[in-house]
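What follows draws every value from the coordinates through simple rules; no lab data is involved. Keep in mind it's a predicted model, so treat the numbers as computed, not measured. Neighbour counts run over all protein chains shown; Cβ positions are idealised from the backbone, glycine included.
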Amino acid sequence: MQIRNFAQLLEAAIQRGPARVAVAAADEANTLAAVAKARDLGLATAVLFGDEAAIRQAAESAGVDIGGLTVVHVPNHKESVRAAVAAIKDGLADMAMNGRALPGHLVRVALEPEMQLRTGKLFTDVSIFEIPGADRLILISDIGVVVSPTLEEKVSIVQNAIDVARALGIETPKVAILAATEMVNPKIPVSMDASNLSKMAQRGQIKGGIVDGPLALDNAISPHAARVKGIQSEVAGHADILIVPDVDAGNILAKAITYFARGKMAGVVVGSRSPLIMPSRADPPETKLMSIALGVYLAMPPK
């Protein structure tokens, strides 16, 4: 069954849970509210790594009951990240989540060979969006990990996003490689990469989805815009996945959806042995809860 909204995702993740989440630098109110809600729903249990006094103070100030959640005192954020990631390696957690630490530090620690999380795949962010008026979830990648991807890295970004979409029940995801225009222009390197990715998918170098590009955002998601511009494509107007040119474009698009369009989002870093839950530190509890749900759904097998 294709998961089309966050209510369905949360229900499906609860059925697969509870998972064990190791939270790094857990002294952050919205993170604590999210993991407490996950505990109440039977979605996940949590081990909270960080300064114990700061964690308990943050919970008390926000009125969050952290009873039943384990607190492990680690005096600084960097060491709490290391402890949380090591919990996966040691079999004490199924995934790690960031609280107040710098997100990039969590990825760097997870990439260390001794943490045993590498799988040979590129670590990439895959975020999903529930947008008012849309009949399905939209995936966007990469908005948070690979800053300025090469063509080779974009291949991995596309493949990782397709794999997540298929896990969500989208049998043959339609992937739009975004650029400013749908025309291939040698003066616009992004459009050249998009064209190459589309051809690579046709040749079987990217598997499991239909890839087309370059496509502008309007004709990637709007059938009307695609018709007006005369674009003949299985993807145009019906994209399930939007691949952005770089992290700047992705981050701006994601925040525009959430702040202007009032869309909801969830995101995880994939490519590792277990998902890394890395919401923005400013995200509300609902976003962090849905990111936990996405991580649980991807990490845990069906019962």
Which of the peptides 221-227, 249-255 is most tightly packed, and how do the rest follow, going by the mean number of other Cβ atoms within 10 Å of each residue?
-> 249-255, 221-227
Take the eigenvalues of the Cα gyration tensor for region 126-259, scale each by 5, and report the square roots as semi-axes in whole Å, largest first.
-> 18, 17, 16
Quick one: helix 29-41 against the long Cα principal axis of the chain, what's the angle to the nearest 10°, folded into 0 to 90?
-> 90 degrees
Ascending count of other beta-carbon atoms within 10 Å, so fewest first, for S148, S191, S127, S156 | S148, S156, S191, S127
Would you look at the GNM of the chain, springs on alpha carbons closer than 10 Å, and say which of N98, N196, N160 moves the most?
-> N196
Cα pair distances exceeding 17 angstrom across region 1-129, given as percent | 59 percent
Return a whole-number percent for the relative contact order of the chain, with Cα pairs under 8 Å and 6 or more residues apart as the contact set.
-> 23 percent
Quarter of Cα convex hull surface for region 93-141, i.e. mean projection, nm² = 5.2 nm²
Most exposed to least, judged by fewest other Cβ atoms within 10 Å, T150, T172, T45 sort to T150, T172, T45
Give the total of Lys-Lys pairs in the chain with Cα-Cα distances below 17 Å; include a pair only if its members are 8 or more places apart or on different chains.
-> 12
Karplus couplings for region 54-60 from phi (6.51 cos²θ - 1.76 cosθ + 1.60, θ = phi - 60°), rounded to Hz, Gly and Pro as x?
-> 5, 5, 5, 5, 4, 5, 5
In nm, to one decimal, how far is the D248 label point from the F260 one, both placed 7 Å along Cα→Cβ?
-> 1.7 nm
Tell me, which longest segment in the chain has none of the GluC sites (Glu not before Pro) that fall in DSSP loops with at most 12 further Cβ atoms within 10 Å?
-> 1-170
Given a Förster radius of 25 Å and the C-beta distance between L102 and E60 as r, what FRET efficiency does 1/(1 + (r/R0)^6) yield to the nearest 0.05?
-> 0.50
Extension reserve of the E114-E234 stretch, reckoned as 0.36 nm per residue once the Cα distance is removed = 38.8 nm
Counting only residues 5 or more apart in sequence or on a different chain, those whose built amide H sits under 5 Å from that of A19 are A44, T45
When the Karplus curve 6.51 cos²θ - 1.76 cosθ + 1.60 is applied with θ = phi - 60°, which whole-Hz ³J(HN,Hα) does each residue of region 199-208 get, with x for Gly and Pro?
-> 5, 5, 5, 4, 8, x, 7, 10, 10, x
Euclidean distance of C-alpha centroids, region 242-303 and region 86-116, integer Å | 17 Å
Using only Cα atoms, tell me the angle between helix 247-259 and the longest principal axis of the chain; keep it within 0 to 90° and round to the nearest 10.
-> 70 degrees
Arrange the following residues from fewest to most other Cβ atoms within 10 Å of their Cβ: R56, R100.
-> R56, R100
Between the Cα axis of helix 285-299 and the main Cα principal axis of the chain, the angle (0 to 90°, nearest 10) is 80 degrees
